[in-house]
1. Filter the stretch A:68-80 down to the residues that are in a helix (DSSP H, G or I) and either of a type in the set (Gly, Ala, Ser) or within 15 Å of A:Pro94 (Cα to Cα) (or both), then identify the one that is nearest to the chain's Cα centre (by Cα).
2. Against the conditions (1) within 14 Å of another protein chain (Cβ to nearest Cβ); (2) within 30 Å of B:Val183 (Cα to Cα); (3) open to solvent by 70 Å² or more (accessible area, probe 1.4 Å), where does A:Met95 fall short? Just the number, please.
3. Quick check on the stretch B:54-78: of everything there that is under 14 Å from B:Phe31 (Cβ atoms) and part of a loop (DSSP other than H, G, I, E, B), which residue is most open to solvent (accessible area, probe 1.4 Å)?
4. Here are some conditions: (1) touching a strand residue (DSSP E or B) at 6+ places or on another chain (Cβ under 9 Å); (2) open to solvent by less than 40 Å² (accessible area, probe 1.4 Å); (3) not in a strand (DSSP E or B). B:Val115 meets all but one. Which one does it not meet?
5. Where the second residue is open to solvent by 80 Å² or more (accessible area, probe 1.4 Å) and not in a helix (DSSP H, G or I) and the first is under 10 Å from A:Thr84 (Cα atoms) and lies in the stretch B:139-150, which pairs have Cβ atoms under 6 Å and are six or more apart or on separate chains?
6. Return the residues of the stretch B:92-110 that are open to solvent by 10 Å² or more (accessible area, probe 1.4 Å) and closer than 17 Å to B:Ile43 by Cβ; say none if nothing qualifies.
7. Test A:Gly78 against the stated conditions and say whether it is open to solvent by less than 10 Å² (accessible area, probe 1.4 Å) and either among the hydrophobic types (A, V, I, L, M, F, W, C) or touching a Lys or Arg at 6+ places or on another chain (Cβ under 6 Å) (or both).
Amino acid sequence: MECLAVNHPMPDTQDSWRRFFFSLGDFIFFMAIGIATTLVTHGTHQLGWSVWIACPVGMVVAMALQMLMAVCVSPLLGSIEAMTPSMVLGMLAPMPVCVLHIMGRESTHSAAVVWGIAAGMLMFAFVLWYSTICNRRLHRAIGSDQHGVTDMGPARSSL
Amino acid sequence: MASRIWDRRARVYDLCEGSSLRRGRFKASLFRDMKGRVLFVAIGTGADIRHFPPGREIVGIDISQEMLRRAESRRAKYDGDLELIEADAMKLAFTDASFDTVVTSCTMCSVPDPVRALQELYRVLRPGGEILMFEHVRSRNVLLGLALDFMTLWTRRGGTEMNRDTVTNVQLAGFRIVRIESVYLDIILSIHAKKPMLA
C-alpha cells in the first residue's frame, strides 16, 4: 500500500489570496456566462419564430457565445477551468427560457437576467461542492489497498 | 502526420498555455521532485521551463521541430543542463532504464496511443524511478464528463483528447501510483507514479 495523502504545507497568505482571486474570477465568469446565454436565448425567442426553431437556434448561439467568452478568459482563469463548467452552464442555463416558451409563456428580459445570475451562482456552488467531493474520495481511498486509484478521484483541490 | 499538426499548433501554443497563471505553482511543485537524469516528454515551446527547478540534468523531447525551435530561447535561459531533442514519445531512441525521472505535462491527451507511449516511458525509466505527470483527464462527474466528451469532438481535430482515463492508462503500462493531487477538481491532476524495483 503505497498511496499517500499529500501533506501540503499550510497555504501562506499569498496562496490564500491567489485562491480567493481565482474563486472570485470563477464566480464573476459563471454569472456572466449565465446572463449572456439566457439573454441570447431569450432574444431568439423574441424573434417570432416557431418554438422548435427558436430553441435550437438559441442554444447554438448561446453555446457559441459561451465558447467565445471562455476562450477570452482562458489566459487568466485557465482554459479547462473556464471551458468545462461554463459549457455545462451554457447548455443548462438557457433551458428554462425554452421551457417557458414551449409552455406558451414568455420570459421577460429581467427574468432572463435574474435566472442567468442564479444559474451562474448555482454552477459556482456546484464546483465548490464537487471540489469537496473530490477531497472526500481521496480520503476514502487512503487505506484501501488499490493505491487509491479505482475509486480515487483526485486529492486536494485548488478549485 | 502528428508532427505536422503540432508544427502548425506551435504558432498558437503559448496562447493555449496561458493557463500557467493558475497552474504554474502546481507545476513547479510537481517538477521539484525531478531527480537525477530527467526525461521531459513533449516540452512544446518550452512554456514549462520557467517552472523547472535549477541545476537539473534534463532531456526535453518533442515530436515537432517547430515547437523545439521556439523552445530554444527558453532553453538557453535555463539555469541547468537542458538538451532538446526531436523524438516521438511512442518510439524513443533511448536505451532501457536510462532516466531516473520521467515528466509529462499535458502530454497523454495528445499522443495517439497513450498506453503504448506510457509503456515506452516505462522502458526508459530505471526500476524505482518516478514518473511525474501533470495531466487533464475525463471527469467522473456525469455533467463535466459529458462536457469533456463534447469538447473532444472538435479538439480531436487538433490532436487533443479531453476525455482520457490517464490514471488507468498509467497502471496499464505497469506503473504503480504513488499519489495523486488535484489541480482542478478531478479534471487536472498531478500524478506521481513509480516503476517497481523488480520490474
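1. Of everything passing the filter in the stretch A:68-80, A:Ala70 is nearest to the chain's Cα centre (by Cα).
2. (2)
3. B:Pro54
4. Of everything listed in (1) touching a strand residue (DSSP E or B) at 6+ places or on another chain (Cβ under 9 Å); (2) open to solvent by less than 40 Å² (accessible area, probe 1.4 Å); (3) not in a strand (DSSP E or B), B:Val115 misses just condition (1).
5. Pairs found: B:Gly145/B:Arg138; B:Leu148/B:Arg138.
6. If the condition is that a residue be open to solvent by 10 Å² or more (accessible area, probe 1.4 Å) and closer than 17 Å to B:Ile43 by Cβ, then B:Leu92, B:Ala93, B:Phe94, B:Cys106, B:Ser110 are the ones that fit.
7. yes
Let's see how each residue does on (1) open to solvent by 10 Å² or more (accessible area, probe 1.4 Å); (2) at pLDDT 95 or above; (3) more than 8 Å from chain A (Cβ to nearest Cβ):
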residue	(1), (2), (3)
B:Gly129	no, yes, yes
B:Met133	no, yes, yes
B:Arg140	yes, no, no
B:Trp154	yes, no, yes
B:Gly158	yes, no, yes
B:Glu161	yes, no, yes
B:Thr166	no, no, yes
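The values are calculated or read from the model by the stated rules, or taken from the named source; none is laboratory data. All values reported here derive from a predicted model rather than from experimental measurement. Positions of Cβ are backbone-derived with ideal geometry, glycine not excepted, and every protein chain shown enters the neighbour counts. Only protein heavy atoms, including side chains, enter the accessible area calculation; ligands, DNA and RNA are left aside. Shrake-Rupley method; radii C 1.70, N 1.55, O 1.52, S 1.80 Å.
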